[in-house]
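> Quick one: this structure, given as structure tokens, is what I'll be asking you about.
The values are calculated or read from the model by the stated rules, or taken from the named source; none is laboratory data. This one's a predicted model, so the numbers in the text were calculated from it and none came from an experiment. Ideal geometry is used to build each Cβ from the backbone, glycine not excepted, and the neighbour counts take in all protein chains shown.
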């Protein structure tokens, strides 16, 4: 399930990058990030409510109160990183920025090994599979990124700031997975974690927007030219959350060293949207097309290597040691934490839905309907046939993976 969730995360996270093409619409990076995070906030409350109900979410949070500040901190890291990516896209383009921030998989492997003992006790073959596979995915991302470069480049004065912004996003996103892993080896449910996570990200991005771009931020709701674009940015945030939930389960069941590289196959799917839907390779020469083929092949090999690096008994023993340390530090019930970590559904929480669960779902739907009525199709050249095909792939991936999670773990 961890491997399937990691690959499904790649499909959805790649699709979520499509709305970033609005970065050239005149909106500031802070405003774009705030709108996307508002969509993320809506989704992070809606999906856990839909899948588990708020009774189970709040009971889980009450049991793991020591992790609430950790989840908020993770959300703050994500918000700053997301804002940096918008600056990077503006200054050097998505083609260069995407592979740069996807080096977060190597950052994740480092933190996973140092802090949580991941790969400790693993065979040399498995270590090689994970490290070389993750490196191959990064190399493939670079190849796919350069494959989309043709025509005029970014302004020379902004190139370095764009590269630094992408590198900063990579470091923050790689570090953000530390709270993820800490939460899951303490037995916290991923759906509960993301519910608190969103408080940190919304607070951080709102603070950034009001501190550095107050005028543009306050004009978002009032501007008649901006309002039609809000739906697409909200939708991008919603799509990103679905991918992130799958990524959370991948990090839980595989660890951050294996889970992040698999979810970073989003570069492949981001390229599919860029090339097939927006025609980004329509005028590319043979050399660039060859990079696409080579990069895609290398990324598939890297993902295959990581997904087949099955943990050995010795590696499982080091994971249990990490679980025991968390339980001793916070006086947690080890058998229960171990059950939660393995994905065994807990029977201690009420599964009854409350009236406010339905109110939350209705309010979220109302927000999207309100924005959708005002939305206009962006003035972007799009291939509607390929849009339909990739949308079907998105839906099938989500339904298949969600059904598997439900059958195997009841979203535990």
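> Please verify whether segment 143-164 includes one or more residues that are buried (at least 24 other Cβ atoms within 10 Å of the Cβ) and at pLDDT 85 or above.
Among the residues of segment 143-164, not one is buried (at least 24 other Cβ atoms within 10 Å of the Cβ) and at pLDDT 85 or above, which makes the answer no.
> Among the numbered criteria (1) at pLDDT 80 or above; (2) closer than 28 Å to residue 381 by Cβ, which one does residue 261 miss?
With respect to (1) at pLDDT 80 or above; (2) closer than 28 Å to residue 381 by Cβ, residue 261 is out only on (2).
> Pick from segment 231-263 the residues that are under 20 Å from residue 304 (Cβ atoms) and within 9 Å of the chain's Cα centre (by Cα): which of them is surrounded by the most Cβ atoms within 10 Å (Cβ to Cβ)?
Checking each candidate, the answer is 263.
> Of all residues in segment 294-328, how many are assigned to a helix (DSSP H, G or I) and touching a helix residue (DSSP H, G or I) at 6+ places or on another chain (Cβ under 9 Å)?
Result for segment 294-328: 24.
> From the residues in segment 368-377 that are touching a helix residue (DSSP H, G or I) at 6+ places or on another chain (Cβ under 6 Å) and in a loop (DSSP other than H, G, I, E, B), which one is nearest to residue 38 (Cα to Cα)?
375
> Somewhere in segment 54-72, is a residue buried (at least 23 other Cβ atoms within 10 Å of the Cβ), under 28 Å from residue 276 (Cα atoms) and modelled with pLDDT of 85 or more?
The answer is no; no qualifying residue exists.
> Considering only segment 72-94, I want to know if a residue exists there that is part of a helix (DSSP H, G or I) and within 30 Å of residue 313 (Cβ to Cβ). Before the answer, list the steps.
Within segment 72-94, the subset part of a helix (DSSP H, G or I) is 72-92, 94.
Those still in the list that are within 30 Å of residue 313 (Cβ to Cβ) too: none.
Within segment 72-94, none of the residues are part of a helix (DSSP H, G or I) and within 30 Å of residue 313 (Cβ to Cβ).
> Looking only at segment 378-388, count every residue that is assigned to a helix (DSSP H, G or I) and under 16 Å from residue 236 (Cβ atoms) and tell me the total.
Of the residues in that region, 1 qualify.
> Please enumerate the residues belonging to segment 277-304 that are under 21 Å from the mean Cα position of the chain (by Cα) and buried (at least 17 other Cβ atoms within 10 Å of the Cβ).
Across segment 277-304, the qualifying residues are 296, 299, 302, 303.
> Which residue, of 274, 388, is free of Cβ contacts under 8 Å to residues at least 60 places away in the same chain and within 23 Å of the chain's Cα centre (by Cα)?
Every option except 388 fails the conditions.
This table checks each residue for (1) touching a strand residue (DSSP E or B) at 6+ places or on another chain (Cβ under 6 Å); (2) in a helix (DSSP H, G or I); (3) exposed (fewer than 14 other Cβ atoms within 10 Å of the Cβ); (4) modelled with pLDDT under 85.
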residue	(1), (2), (3), (4)
337	no, yes, no, yes
345	no, no, no, yes
353	no, no, no, yes
362	no, yes, yes, no
366	no, yes, yes, no
390	no, yes, no, no
394	no, yes, no, no
398	no, yes, no, no
401	no, yes, no, no
